[in-house]
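One structure is given below, encoded as structure tokens.
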Amino acid sequence: MYDETQRPDPGPHGPLSGFTVGVTAARRAEELGALLQRRGAVVLHAPALRIVPLADDGELLAATKELIDQVPDVVVATTAIGFRGWIEAADGWGLGEQLLGRLRGVELLARGPKVKGAIRAAGLTEKWSPSSESMAEVLDRLLEEGVEGRRIAVQLHGEPLPGFVEALREGGAEVVPVPVYRWMPPEDSGPLDRLLDAAVSRGLDALTFTSAPAAASLLSRAEERGLLSELLAALSHDVLPACVGPVTAVPLQARGIDTVQPDRFRLGPLVQLLCQELPGRARVLPIAGHRVEIRGHAVLVDGELKPVPPAGMSLLRALSRRPGWVVARADLLRALPGAGRDEHAVETAMARLRTALGAPKLIQTVVKRGYRLALDPAADAKYADS
């Protein structure tokens with residue numbers, strides 16, 4: 001199991017250094033976490049669901065027996081792990097050879113190359129597979145062929161297929177869903193609650209989703225805790241929601257949340273997308289002769305990574321909203337989480353911030369008024385009205 005929070009290895013900073021990324025995946029979480037960590041991110045992992053195999057579930061057994069007794073015209077395999085799981089479950093019930101025999105005589109469609117590999121590993125041959133790995137292209141092919149009166153089995157893997165089954169049924173097909181896995185809420189909601197709290201408090205810079213059920217589960221848990229509106233606000237403005245593909249994004253889009261998605265629906269491209277998006281969202285300012293880039297939990301000063309305590313980051317963000325302008329101590333006190341009413345807390349946090357930045361002149365003290373970022377004179381005009 002991937003640790004709930006992991007720090008990147010020390011060394012030269014990567015494109016995600018200074019950023020915290022949430023991982024909701026239940027499967028392949030270690031792989032995704034390692035890819036993010038390797039590029040410098042701090043990873044906060046909490047599985048938003050658990051995968052329950054249906055080897056002992058009557059629903060999959062019933063669907064398998066039905067397809068053996070009443071052979072379908074078409075079988076659509078959507079995921080490699082799901083297809084393998086189905087064959088393995090059938091073997092466990094003593095139905096493996098019967099199922100393979102039926103599948104040899106049908107039009108077998110594979111959603112993409114990984115599924116194609118799983119089909120061939122089972123000793124079968126697919127009739128067709130789209131180059132795009134898109135279920136929409138599979139649907140287009142079936143509808144062009146004509147589906148009226150045809151019996152079509154669709155292997156599911158916990159992912160909703162919006163419009164796919166409905167479109168086949170509207171075209172006159174009899175659709176038999178084959179649910180190889182079932183998604184359930186996590187047995188321990190503690191890690192997920194901590195991930196939610198981190199998102200709502202803006203302790204995350206991005207939140208990744210690799211399945212639609214995980215996105216739906218996170219939203220459902222937020223609603224149970226009365227945090228849904230706060231979560232949606234965070235995902236709309238401050239925490240970047242990154243989905244591995246368009247199907248995964250559906251539950252978020254249904255709530256009005258725009259997401260980013262890679263061109264290729266894989267973990268590697270998802271991480272590369274974050275490597276572009278997060279640094280692009282960082283605030284960059286010319287201050288006291290230095291180039292200062294404000295990231296999630298760290299600052300780059302002339303390209304050198306400076307980790308900053310949470311209180312210091314709160315102060316720095318408050319100052320950076322109006323760079324060059326004086327921010328009163330009372331306003332900075334309000335920016336400090338749980339600081340109370342003692343303005344001395346601002347002075348303490350400011351001293352630690354200056355030490356962390358390693359360049360004390362970046363922040364100027366304005367006697368009896370507050371503090372300001374020492375914005376370079378040439379930049380004053382640009383930020384005068386900000």
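The values are calculated or read from the model by the stated rules, or taken from the named source; none is laboratory data. Note that this is a predicted model, so its numbers are computed, not measured. Using ideal geometry, Cβ is built from the backbone for each residue, glycine included, and neighbour counts are taken over all protein chains shown. With ligands, DNA and RNA removed, areas are computed over all heavy atoms of the protein, side chains included. Shrake-Rupley method; radii C 1.70, N 1.55, O 1.52, S 1.80 Å.
Net charge dipole, the chain: roughly 1820 debye, given to the nearest 20, about the Cα centre with Cβ charges of +1 for Lys and Arg and -1 for Asp and Glu. The gain in end-to-end length when the GLU137 to VAL260 segment is fully stretched comes to 42.1 nm, 0.36 nm per residue minus the alpha carbon separation. Phi angles across segment 103-109 convert, under the Karplus curve 6.51 cos²θ - 1.76 cosθ + 1.60 with θ = phi - 60°, into 3J(HN,Hα) values of 5, 5, x, 10, 7, 9, 10 Hz, Gly and Pro given as x. Once you sort the root eigenvalues of the Cα gyration tensor of segment 207-321 as a ≥ b ≥ c, which label holds: rounded (a/c under 1.5), prolate (a/b larger than b/c) or oblate (the other case)? It is oblate, given that a/c is not under 1.5 and a/b is not larger than b/c. For the pair GLU107 and ALA328, the difference between a 0.36 nm per residue extended length and the Cα-Cα distance amounts to 72.4 nm. The angle separating the long axis of helix 228-237 from the principal Cα axis of greatest extent in the chain is about 70 degrees. A simple charge model with +1 on the Cβ of Lys and Arg, -1 on the Cβ of Asp and Glu and nothing else charged puts the dipole of segment 79-121 at about 260 debye relative to its Cα centre. Which whole-number percent gives the relative contact order of segment 203-312, counting Cα pairs below 8 Å spaced six or more residues apart? That works out to 20 percent.
Relative contact order, whole percent, for the chain stands at 15, derived from Cα pairs under 8 Å and 6 or more residues apart. Projected label points at GLU347 and ASP302, each 7 Å from Cα along the beta carbon direction, are separated by 3.0 nanometres. Among 24-34, 237-247, sorting by the average number of other beta carbon atoms lying within 10 angstrom of each residue, highest first, gives 237-247, 24-34.
Positive contributions from Lys and Arg (+1) and negative ones from Asp and Glu (-1), summed over other residues with Cβ under 12 Å from the Cβ of LEU196, come out at -2.
Treat every Asp and Glu Cβ in segment 158-280 as -1 and every Lys and Arg Cβ as +1, leave all other atoms uncharged, and give the resulting dipole magnitude about the Cα centre to the nearest 20 debye.
On the way: 9 positive and 16 negative charges, 33 e Å.
For this selection, approximately 160 debye.
Shape class for segment 180-257, computed from the alpha carbon gyration tensor (a ≥ b ≥ c): oblate, with a/c not under 1.5 and a/b at or below b/c. Only beta bridges with both residues in the chain are counted; by DSSP, about 50 percent of them are antiparallel.
For segment 274-386, with every protein chain kept in place, what is the accessible area per residue (1.4 Å probe, Å²)?
On the way: 5940 Å² over 113 residues.
Using a 1.4 Å probe on heavy atoms only, each residue of segment 274-386 averages 53 Å².
The long axis of helix 267-281 is offset from the longest Cα principal axis of the chain by roughly 30 degrees.
Given a 1.4 Å probe and the protein chains as shown, GLU277 ends up with an accessible area of around 60 Å².
Ranking LEU67, ALA215, VAL260 by how far each Cα lies toward the positive end of the dipole of the chain (charges on Cβ) leaves VAL260 at the top. Judged by the mean number of other Cβ atoms found within 10 Å, the most tightly packed of the peptides 69-77, 303-311 leads the ranking 69-77, 303-311.
Taking only the C-alpha atoms of segment 19-110, Rg followed by Dmax gives 18.2, 54 Å.
Based on Cα atoms of segment 52-153, Rg over Rh with Rh as the Kirkwood radius reads 0.95. Here the chain has 49 percent of its accessible surface on carbon and sulfur atoms, given a 1.4 Å probe and all protein chains in place. So what does log10 I(q)/I(0) come out to for the chain at q = 0.08, 0.13 Å⁻¹, using the Debye formula with one equal point on every Cα and no solvent? Ignoring solvent entirely, the Cα scatterers give -0.53, -1.04.
So, by mean Cβ neighbours within 10 angstrom, what's the order for 105-114, 208-217, 361-370 with the highest one leading? Write down the numbers at each step before the final one.
Details: 105-114: 18.9, 208-217: 25.1, 361-370: 14.0.
Packing proxy ranking, top to bottom: 208-217, 105-114, 361-370.
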